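The values are calculated or read from the model by the stated rules, or taken from the named source; none is laboratory data. Everything numeric in this text was worked out from a predicted model, so none of it was measured. When we count neighbours, we look across all protein chains shown, and the Cβ atoms used for this are built from the backbone with ideal geometry, even at glycine. To get the accessible areas, we keep the full protein, side chains included, count just its heavy atoms, and leave off ligands, DNA and RNA. Shrake-Rupley method; radii C 1.70, N 1.55, O 1.52, S 1.80 Å.
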Amino acid sequence: MGLTAIKETIVSMDLDRVNRELAGRSPQDVVCWALGLGMRPFMSTSFGPNSAALLHIVSEIDRSVPVVWVDTGYNLRDTYIVAEALMTTLPLNMQIYTPRMTAERWNKVYGGVPLDDPELHVQFTRAIKLEPFERALAELRPQLWLSGIRRGETEFRSTLDIVSCDARGLLRVAPIFDS
């Protein structure tokens, strides 16, 4: 499906109707629906508390889906332990992206994670988190994003739904949104 056809599909999609139809469906049903659209998918993970369930579901349905992990170098030891265990156990198409500036270099140059300097924190977020994710999007050129977000996690996420369109034009599907 070409880019124009994808944009037309997303624009013509009645997201309110789609979300009503998917409400109450199992995460497996939502993943199957999304992958059935014929769009180029990817999944993101932080290897946080909800990651194992969605990674397991996606790997059972279609193990070819690229799974993007931005390894910032600032994860907790437990996150790395969980990540290694899941990557070893599940048949995942892992795509690991790291920042161009390593955590060690950032710490030496800027003194660590800038908690008290809002301007430097924006720079940190851009260099350490967003740059690798944007590079993944540029390389994979996905059209559909399987996301592990949940409704109650943040105020912003509570304004979304199972299926939404992000500012980049990606169709974002959150199979465990209401779980």
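With the structure loaded, tell me whether residue 100 is over 27 Å from residue 31 (Cα atoms), among the basic types (Lys, Arg), in a loop (DSSP other than H, G, I, E, B) and open to solvent by 50 Å² or more (accessible area, probe 1.4 Å) or whether it fails that test.
yes
Give all pairs with beta carbons closer than 7 Å in which a residue from region 163-176 that is assigned to a loop (DSSP other than H, G, I, E, B) and modelled with pLDDT of 95 or more meets a residue that is surrounded by fewer than 20 Cβ atoms within 10 Å (Cβ to Cβ) and among the polar types (S, T, N, Q); count only pairs at least 6 apart in sequence or on separate chains.
none
Within region 68-85, identify whether any single residue is in contact with an Asp or Glu (Cβ under 6 Å, 6 or more places away or on another chain) and in a helix (DSSP H, G or I), and answer yes or no.
no
Select, from 29, 16, the only residue that is assigned to a helix (DSSP H, G or I), exposed (fewer than 15 other Cβ atoms within 10 Å of the Cβ) and either modelled with pLDDT of 95 or more or among the hydrophobic types (A, V, I, L, M, F, W, C) (or both).
29 is the lone residue from the list that is assigned to a helix (DSSP H, G or I), exposed (fewer than 15 other Cβ atoms within 10 Å of the Cβ) and either modelled with pLDDT of 95 or more or among the hydrophobic types (A, V, I, L, M, F, W, C) (or both).
Does region 77-95 contain at least one residue that is open to solvent by less than 60 Å² (accessible area, probe 1.4 Å) and aromatic (Phe, Trp, Tyr)?
No, there is no match, as no residue in region 77-95 is open to solvent by less than 60 Å² (accessible area, probe 1.4 Å) and aromatic (Phe, Trp, Tyr).
So the check is Cβ under 7 Å with 6+ separation or different chains; which pairs have a first residue in region 124-150 that's over 21 Å from residue 38 (Cβ atoms) and modelled with pLDDT under 95 and a second one that's among the aromatic types (Phe, Trp, Tyr) and crowded, with 20+ Cβ neighbours inside 10 Å?
149/177; 150/177
So is residue 69 open to solvent by less than 20 Å² (accessible area, probe 1.4 Å), without any contact (Cβ under 8 Å) to a residue 60 or more places away in the chain, closer than 25 Å to residue 33 by Cα and in contact with a helix residue (DSSP H, G or I) (Cβ under 8 Å, 6 or more places away or on another chain) or not?
Criteria met by residue 69.
Just for region 151-162: of the residues that are open to solvent by 80 Å² or more (accessible area, probe 1.4 Å) and assigned to a loop (DSSP other than H, G, I, E, B), which one is nearest to residue 32 (Cα to Cα)?
156
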